[in-house]
Amino acid sequence: EHRPDAFIETKAGRNIRSIVPQKLRRDRPTVLYIRVANPEQDVVISAGGLRRKLRQVTPGETVRLTVAPEHFSEELQLTVTVEKSEA
């Protein structure tokens, strides 16, 4: 028996072309497979409360990001974005 709130959906934010899986269980860590839309250098990829700096991202590579329940907010969606790094 699964409650609807046992899952959280992934949502593509800035410079994200695709994310797999599109739905995560809230009670366990999951590896996200992410592809960006456009190449960029010196970026921070974020998913909920998780942030990881990357030197470069390109559309041809898949970025793997492991998210855990502590990274999920109370919201129904986990938005994944790529932003320019401040440093």
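The values are calculated or read from the model by the stated rules, or taken from the named source; none is laboratory data. Note that the structure is a prediction, hence the values are computed from the model and not measured. Note that each Cβ is placed from the backbone with ideal geometry, even for glycine, and that neighbours are counted across all protein chains shown.
Of the residues that make up the stretch 21-37, is at least one over 19 Å from Glu83 (Cβ atoms) and among the aliphatic types (A, V, I, L, M)?
Checked the stretch 21-37: at least one residue is over 19 Å from Glu83 (Cβ atoms) and among the aliphatic types (A, V, I, L, M).
Of all residues in the stretch 69-78, those satisfying the criterion of being farther than 13 Å from Gly13 by Cβ and surrounded by 13 or more Cβ atoms within 10 Å (Cβ to Cβ) are Pro69, His71, Phe72. Of all the listed residues (Val43, Val31), the sole one being in contact with an Asp or Glu (Cβ under 7 Å, 6 or more places away or on another chain) and over 16 Å from Glu75 (Cβ atoms) is Val43. Taking the criterion of being touching a helix residue (DSSP H, G or I) at 6+ places or on another chain (Cβ under 6 Å) and surrounded by 13 or more Cβ atoms within 10 Å (Cβ to Cβ), the residues of the stretch 45-55 that qualify are Gly48, Leu50. If you go through the stretch 4-17 and keep only what is modelled with pLDDT of 95 or more and among the hydrophobic types (A, V, I, L, M, F, W, C), you end up with Ala12, Ile16.
Residues being of a type outside the set (Phe, Trp, Tyr), free of Cβ contacts under 8 Å to residues at least 60 places away in the same chain and touching a Lys or Arg at 6+ places or on another chain (Cβ under 6 Å) are entirely absent from the stretch 46-54.
For (1) assigned to a strand (DSSP E or B); (2) modelled with pLDDT of 95 or more; (3) surrounded by 12 or more Cβ atoms within 10 Å (Cβ to Cβ), each residue gets a yes or a no:
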{"position": "His2", "(1), (2), (3)": "no, no, no"}
{"position": "Ile19", "(1), (2), (3)": "yes, yes, yes"}
{"position": "Leu24", "(1), (2), (3)": "yes, no, yes"}
{"position": "Ile34", "(1), (2), (3)": "yes, yes, yes"}
{"position": "Val43", "(1), (2), (3)": "yes, yes, yes"}
{"position": "Arg64", "(1), (2), (3)": "yes, yes, no"}
{"position": "Val80", "(1), (2), (3)": "yes, yes, yes"}
{"position": "Ala87", "(1), (2), (3)": "no, no, no"}
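Among residues of the stretch 5-25 that are in contact (Cβ under 8 Å) with a residue 12 or more places away in the chain, those with a beta-carbon under 6 Å from a residue that is of a type in the set (Lys, Arg) and surrounded by 16 or more Cβ atoms within 10 Å (Cβ to Cβ) at least six positions away or on a different chain give the pairs Arg17/Arg35; Ser18/Arg35.
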